[in-house]
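These notes concern the structure reproduced below.
The values are calculated or read from the model by the stated rules, or taken from the named source; none is laboratory data. What you see is a predicted model, and the numbers here were worked out from it, not measured in a lab. So basically every Cβ, Gly included, is an ideal-geometry build from the backbone, and we count neighbours across all protein chains shown. The accessibility values were calculated without ligands, DNA or RNA, using every heavy atom of the protein model including side chains. Shrake-Rupley method; radii C 1.70, N 1.55, O 1.52, S 1.80 Å.
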Amino acid sequence: QVCNPRVVMGKTPPSAVPAVVLGGVVATVVWAASSDSQKSKKREGVWKAWVMENVTLLAMAGFLAKLALVPPKERTSRLSTAIKATLHSMIATETTWVLQTVFAKWVYGHLEYFGPADARPKYTVWSFLDAYLKLFIPIRLVNAISVVHETHSMTDQQYAAAIYDGPSQGLLSFLFQFALSRAMFDLGFFGGHYLIHHPKLYGFIHRKHHEHFEPTVVTNNNFSVLDLIIEAMVPFTAGLGTLAALRTFGFRTTRFERAFITYSWLWYLNGSHAGKPLPVVSIFPPLSFIPAIDEVLGGGVAHHHAHHRLVRCNYGIAAWPDKLFGTCKELPALRTGDEDQEKSRSAPAA
């Protein structure tokens, strides 16, 4: 996506690892102690999803935190920064597609898609590559220019903040910063997405994305350039801006913690198009072993899927902003030829 986490090269701080490892041990114990009852199997499924999602995010965040996106000013050229930013974006985004495809088709292959096969988007390898190149060549260019401008125009104070990697302030501080930045990320997405559903903007910015009434992972490749810039730039700017604002109040995150937070946003954005109720796509992964959090605040993959099916509702990538502003609807049954659904698709507006 467009706005990437700004991280620097160096050793990945182990600050968040002990909590995840401890959680994994607890999960394993609970998992092993489960009986064959239906309730226990459900609990086991929750823990399995928690472990798989968080281990995936942990591994990706650790890897991305190794990449140099805030270069030492005196040693790195603008071209080098642009190349590193492009590689970072490609690794983060395309790896997410592959991982979520694996989860959807194999790990959770037994879960049914929301829509029938003949209603889901069809792509050949060549049509996918054609759409990919038309979308992501300009997107990568915009991203590279943005990163180069940001990193090479930093003041000494901004540079010091960007490369900060002191000791972690602990799990509670991390969770608080994650939660607040996630809330602002969600509001940013809601605002930007609602805006491009305005009748005067929808046709030339967002209509292409809604060609997929029954989205799957490949729907992440079906945007106009301006659409993807808006839907990525606004929420990422809101979330990253919140983390920056918290620094003025003495809060800090390590490189690893920032990478984990920002990659979890990207994971959720892409996962919203999974097309089935993937339990490894949650609004707040560290606490996803508490299902009520995602049920009340996130809505799961079904929330955004309902937006594709009905169009004029569920503008948030998570459910809670829509509940707040009265635009939330449940995923309806797919009814071919349904007049209300066809009307929503033909005349979408905010």
Practice prompt. Mind scanning 105/208; 48/276; 200/323; 122/208; 276/329 and naming the pairs with a C-alpha gap bigger than 20 Å?
Written response: 105/208; 200/323
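Please list 175, 129, 278 from largest to smallest accessible area, probe radius 1.4 Å, with all protein chains kept in place. Walk me through the intermediate numbers first.
Details: 175 35, 129 70, 278 5 Å².
Greatest to least solvent exposure: 129, 175, 278.
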Response to the item:
At R0 = 30 Å the Cβ-Cβ FRET efficiency linking residue 91 and residue 180, nearest 0.05, sits at 0.65
Worksheet item: Looking at 169, 145, 190, which one has the Cα that reaches farthest to the positive end of the dipole of segment 143-230 (charges on Cβ: Lys, Arg +1; Asp, Glu -1)?
Response: 190
Worksheet, complete the sentence: Plugging the Cβ-Cβ distance of residue 248 and residue 119 into 1/(1 + (r/R0)^6) at R0 = 51 Å yields, to the nearest 0.05, a FRET efficiency of 0.55
Worksheet entry | Debye, to nearest 20: dipole size of segment 111-255, +1 on Lys, Arg Cβ, -1 on Asp, Glu Cβ | 140 debye
